[in-house]
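The values are calculated or read from the model by the stated rules, or taken from the named source; none is laboratory data. Values in this document were obtained by computation on a predicted structure and should not be read as measured data. When we count neighbours, we look across all protein chains shown, and the Cβ atoms used for this are built from the backbone with ideal geometry, even at glycine.
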Amino acid sequence: MNDIYKKIWKLAKPYYEKGRSYDIPHVEWMMEEVDQLADEESLDKRLLLPLVILHDVGYSEVDEKNPNIKSKDSKTVHMKAGARISRAILNQVNYDPNLAERIVHYISVHDNWLFGDDSPYQECKEMAAFNDLDFLWPTTSFGMFKTMAESMWKTPEEFYDFWIQDEKLVRRPFCCDRTREMWDSSIKEIKRILDGGQN
């Protein structure tokens with residue numbers, strides 16, 4: 001990872017420490033996945049990587065520690081705060097102004113799916129890829145899957161049924177073969193564990 005992105009992450013991390021209990025591993029996993037995905041899909045890392053690093057910094061200003069991921073109030077607060085915080089961080093590292101404006105804009109709308117607006121993910125492939133990775137995160141481990149289930153007051157079994165019927169799978173289909181394959185593999189593993197397989 002280039003030094004500029006390391007600087008952005010260093011400045012973002014204190015905000016994540018004030019946010020949700022799982023924000024740091026969430027963002028670190030997404031950062032790891034972006035490198036390979038961007039290379040395979042010819043995505044612009046200059047746009048995608050800062051978006052991934054900064055997208056949830058606004059949870060530092062949400063009162064509830066691990067809010068329901070479908071809470072419109074917390075999504076509104078964290079997108080607005082995230083755009084403001086991201087702008088300050090990108091200015092601090094002297095990021096390309098044109099890219100910075102796009103990143104800040106996308107952070108301000110990155111969870112608009114909850115409000116029925118899928119246009120941000122149709123505007124560019126980077127946003128579609130971002131949405132794929134953000135959606136995949138809860139399935140990356142059974143521990144994370146249980147945490148997300150708890151945040152929605154569901155058992156893991158209930159959350160599984162809920163997640164495999166999420167509107168993303170219809171409204172915002174996976175942008176590429178790699179993320180689709182990641183979903184197929186990870187959700188199959190979650191199902192195996194739920195059916196009594198070893199964790």
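Things to note:
- Qualifying residue in region 64-87 (condition: out of contact with any helix residue (DSSP H, G or I) (no Cβ under 8 Å at 6 or more places or on another chain), surrounded by fewer than 21 Cβ atoms within 10 Å (Cβ to Cβ) and within 29 Å of Ile193 (Cβ to Cβ)): yes
- Residue pairs meeting the criteria (Cβ under 8 Å; at least 6 apart or on separate chains; first more than 12 Å from Ile187 (Cα to Cα), in region 124-143; second of a type in the set (Asp, Glu) and surrounded by 19 or more Cβ atoms within 10 Å (Cβ to Cβ)): Leu133/Glu33
- Evaluated against (1) part of a loop (DSSP other than H, G, I, E, B); (2) surrounded by fewer than 16 Cβ atoms within 10 Å (Cβ to Cβ); (3) modelled with pLDDT of 95 or more, Arg180 falls short on exactly one condition, (1).
- Every pair of residues 6+ apart whose Cβ atoms lie under 6 Å, when the first sits in region 13-33 and is touching a residue at least 12 places away in the same chain (Cβ under 8 Å) and under 15 Å from Pro138 (Cβ atoms) while the second is of a type in the set (A, V, I, L, M) and in a helix (DSSP H, G or I): Met30/Val52; Met30/Leu133; Glu33/Leu133
- Selection from region 111-137 of residues that are under 12 Å from the mean Cα position of the chain (by Cα) and under 21 Å from Asp177 (Cβ atoms): Met127, Ala128, Ala129, Phe130, Asn131, Asp132, Leu133, Asp134, Phe135, Leu136, Trp137
- Test for Leu54: is it buried (at least 21 other Cβ atoms within 10 Å of the Cβ) and in contact (Cβ under 8 Å) with a residue 60 or more places away in the chain: no
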